[in-house]
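Below is one structure, written out as structure tokens; comments come after it.
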Amino acid sequence: MTAPAQPVDAFDLVIFGGTGDLAVRKLLPALFHRYIDGQIPDGTRIIGVAREGLDDEGYRQQIQAGLNGAAGKHPEKFKAFLKLVSYRPLDARKDEGWDDFARLMGEQPGHVRVFYLSTSPDLFVDICRRLGHYGLNKGESRVVMEKPIGHDLASANRINDDVGSVFDESQTFRIDHYLGKETVQNLLALRFGNALFEPLWNAEHIDHVQITVAETLGVGRRGSYYDHAGALRDMVQNHMLQLLCMVAMEPPSSLSPDAVRDEKLKVLHSLKPITDENAAQLTVRGQYRAGATEGQSVKGYIDELNEDSKTKIEKSQTETFVALKAEIGNWRWAGVPFYLRTGKRLAERVSEIVVAFKPVPHSIFQPSAGPLAQNRLVLRLQPDEGVKLWLTIKHPGPGGLRLRHVPLDMSFAEAFGVQQSDAYERLILDVVRGNPTLFMRRDEVEAAWRWAGPILAAWEDSGESPRPYTAGTWGPSASVALIERDGRTWNEDNEDNSE
């Protein structure tokens with residue numbers, strides 16, 4: 001049983017880049033699901049904006065194609081939802097159409113206005129300046145910026161400065177959809193809503209933490225973007241550091257937005273630097289070659305790039321895989337390594353956080369009982385969101401005492417009998433409500449770039465190419481060595497290693 005959905009007042013949501021993959025595949029389906037549950041009232045206006053010369057009907061047909069059958073399950077609701085949706089062709093860098101767009105927005109002066117920038121970052125500033133020129137930044141207006149915010153610290157600061165000249169920080173929502181996932185939300189509840197975990201949440205009891213975000217897909221149609229970004233910019237600097245902060249932060253005084261974000265910022269400031277001096281020991285980067293994933297032969301990264309490029313590419317220094325060992329220099333986490341890994345074309349699609357507790361200091365059991373495995377708390381973000389706590393128990397039955405390592409397993413879908421909402425469903429409505437708790441503040445973005453920038457510089461200075469790995473594997477063998485030379489191993493959650 002789920003908590004009842006809390007509706008919001010009618011609002012205006014403008015999606016710049018409204019014909020793009022994110023809008024059609026994620027944002028609009030998220031809005032439709034919230035409409036089905038009664039959270040979005042009639043009178044709301046959802047306006048797609050892009051350069052394509054579509055009319056309202058053509059845009060609605062695109063939406064239906066992107067809903068993957070959900071429209072067919074709720075045909076009457078879908079017809080009603082489409083009445084909320086319209087389209088306006090606009091170019092962020094041309095004057096044509098902006099007068100009419102401003103008049104359209106002025107028809108509902110009492111609505112909260114959300115401008116979602118689902119575009120290339122190089123259009124963020126142009127769009128915001130035009131919104132400011134027409135006074136659309138006044139009152140209850142908010143702007144949502146998708147990652148990546150900049151290519152490095154300097155470019156991130158330029159974007160934040162220019163957008164900040166139009167929208168106040170209180171109006172600016174830098175979205176990281178990983179923070180909207182149910183399991184990440186539950187991390188707060190597990191830590192701060194139970195007496196069991198927080199007393200143990202420190203270097204005295206925790207051996208190490210692992211964060212894995214693995215994809216089986218390659219770069220696909222994102223090749224032109226990805227080759228200028230790479231895995232560190234695309235995943236580590238934002239998604240994975242935010243997950244690390246949620247694990248490592250001190251208890252906030254409350255769940256007020258700034259209380260939570262202040263504690264996350266302290267973690268970012270406490271990360272030990274990775275520079276030219278230690279990058280070779282603490283980081284591994286790789287690039288996938290041809291192989292097989294999910295039973296299908298797949299091409300290597302360079303071949304995929306050439307499918308998406310007019311100019312043939314012979315070599316790329318862009319990493320599609322990163323593994324690294326991070327440390328937090330404060331009293332709670334001194335000496336506890338945080339192992340992060342992410343990549344494309346890996347063996348499984350999985351995102352998880354593993355908190356590995358220290359082994360018991362002394363075993364009272366005979367060797368014949370079997371080994372004592374470490375307790376682990378595994379928080380699975382995808383594909384099946386849930387929580388597992390691995391414990392050692394006695395195998396039932398006669399014949400002597402034999403130990404087994406088994407999980408207390410809680411799947412959100414099974415426990416509550418519902419399919420979990422997509423992260424965007426929660427985050428979009430948080431913007432409408434004006435709740436920035438799950439969004440990055442400007443100083444968080446800056447702190448993350450200050451830590452990630454020297455890693456990128458060290459890789460460039462080294463002149464070394466990313467290590468090759470075969471598609472369908474877990475990345476370069478050096479990533480295994482990174483963790484195993486510390487006497488640890490990457491988590492294999494589904495295996496019982498006690499026998």
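The values are calculated or read from the model by the stated rules, or taken from the named source; none is laboratory data. Keep in mind the model is a prediction, meaning the values are calculated, not measured. So basically every Cβ, Gly included, is an ideal-geometry build from the backbone, and we count neighbours across all protein chains shown. The accessibility values were calculated without ligands, DNA or RNA, using every heavy atom of the protein model including side chains. Shrake-Rupley method; radii C 1.70, N 1.55, O 1.52, S 1.80 Å.
Any residue in segment 219-242 that is open to solvent by 40 Å² or more (accessible area, probe 1.4 Å), free of Cβ contacts under 8 Å to residues at least 60 places away in the same chain, more than 16 Å from residue 209 (Cα to Cα) and not in a helix (DSSP H, G or I)?
no
Residue-by-condition table, conditions (1) touching a helix residue (DSSP H, G or I) at 6+ places or on another chain (Cβ under 6 Å); (2) open to solvent by less than 60 Å² (accessible area, probe 1.4 Å); (3) of a type in the set (Lys, Arg); (4) modelled with pLDDT of 80 or more:
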{"position": "429", "(1), (2), (3), (4)": "no, yes, no, yes"}
{"position": "437", "(1), (2), (3), (4)": "yes, yes, no, yes"}
{"position": "459", "(1), (2), (3), (4)": "no, yes, no, yes"}
{"position": "476", "(1), (2), (3), (4)": "no, yes, no, yes"}
{"position": "483", "(1), (2), (3), (4)": "no, yes, no, yes"}
{"position": "499", "(1), (2), (3), (4)": "no, no, no, no"}
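Which of the residues that make up segment 276-312 are more than 27 Å from residue 481 (Cβ to Cβ) and of a type in the set (A, V, I, L, M)?
Selection gives 305 alone.
If you scan segment 163-179, which residues turn out to be in contact with a Leu (Cβ under 7 Å, 6 or more places away or on another chain) and of a type outside the set (Ser, Thr, Tyr)?
166, 175, 177, 179 - these are the residues of segment 163-179 that are in contact with a Leu (Cβ under 7 Å, 6 or more places away or on another chain) and of a type outside the set (Ser, Thr, Tyr).
Of (1) within 22 Å of residue 423 (Cα to Cα); (2) in a loop (DSSP other than H, G, I, E, B); (3) in contact with a Ser or Thr (Cβ under 8 Å, 6 or more places away or on another chain), residue 47 satisfies all except one. Which?
Going through the list (1) within 22 Å of residue 423 (Cα to Cα); (2) in a loop (DSSP other than H, G, I, E, B); (3) in contact with a Ser or Thr (Cβ under 8 Å, 6 or more places away or on another chain), residue 47 breaks only (2).
Considering only residues that are in a loop (DSSP other than H, G, I, E, B) and either farther than 23 Å from residue 482 by Cα or out of contact with any Leu (no Cβ under 7 Å at 6 or more places or on another chain) (or both), which ones fall in segment 263-275? Spell out the reasoning first.
Narrowing segment 263-275 to residues in a loop (DSSP other than H, G, I, E, B): 272-275.
The answer is 272, 273, 275.
Checking the structure you have, find out if any residue of segment 142-149 is within 25 Å of residue 22 (Cβ to Cβ), β-branched (Val, Ile, Thr) and touching a Pro at 6+ places or on another chain (Cβ under 7 Å). Give the steps one after another, and end with the answer.
Pass one, segment 142-149, residues within 25 Å of residue 22 (Cβ to Cβ): 142-149.
Checking which are β-branched (Val, Ile, Thr) leaves us with 143-144, 149.
Imposing the further condition that a residue be touching a Pro at 6+ places or on another chain (Cβ under 7 Å) reduces the set to 149.
Looking through segment 142-149, at least one residue is within 25 Å of residue 22 (Cβ to Cβ), β-branched (Val, Ile, Thr) and touching a Pro at 6+ places or on another chain (Cβ under 7 Å).
Can you say whether residue 368 is farther than 24 Å from residue 203 by Cβ, of a type in the set (Ser, Thr, Tyr) and more than 35 Å from the chain's Cα centre (by Cα), as far as the supplied structure shows?
Spelling it out, residue 368 is indeed farther than 24 Å from residue 203 by Cβ, of a type in the set (Ser, Thr, Tyr) and more than 35 Å from the chain's Cα centre (by Cα).
Do the conditions hold for residue 348, that is, is it farther than 21 Å from residue 454 by Cβ and surrounded by 14 or more Cβ atoms within 10 Å (Cβ to Cβ)?
Considered against the rule, which asks whether it is farther than 21 Å from residue 454 by Cβ and surrounded by 14 or more Cβ atoms within 10 Å (Cβ to Cβ), residue 348 comes out as yes.
Filter segment 289-305 down to the residues that are touching a residue at least 40 places away in the same chain (Cβ under 8 Å) and β-branched (Val, Ile, Thr), then identify the one that is surrounded by the fewest Cβ atoms within 10 Å (Cβ to Cβ).
Checked segment 289-305; the qualifying residue surrounded by the fewest Cβ atoms within 10 Å (Cβ to Cβ) is 298.
Can you find a residue in segment 47-66 that is under 19 Å from residue 114 (Cβ atoms) and of a type in the set (Gly, Ala, Ser)? Outline the logic, then answer.
Taking segment 47-66 as the starting set, the residues that turn out to be under 19 Å from residue 114 (Cβ atoms) are 47-50, 59, 63.
Checking the rest, the ones that are also of a type in the set (Gly, Ala, Ser) come to 48, 50.
Yes, segment 47-66 has at least one match.
Looking only at segment 42-64, count every residue that is within 19 Å of residue 74 (Cβ to Cβ), at pLDDT below 90 and open to solvent by less than 40 Å² (accessible area, probe 1.4 Å) and tell me the total.
Total meeting the criteria: 1.
Using the structure shown, decide if residue 50 is out of contact with any strand residue (DSSP E or B) (no Cβ under 6 Å at 6 or more places or on another chain) and more than 24 Å from residue 146 (Cβ to Cβ).
When the stated conditions are applied, residue 50 does not pass them.
Of the residues 222, 191, only one is at pLDDT below 90 and closer than 27 Å to residue 436 by Cβ; which?
Only one candidate passes the filter, namely 191.
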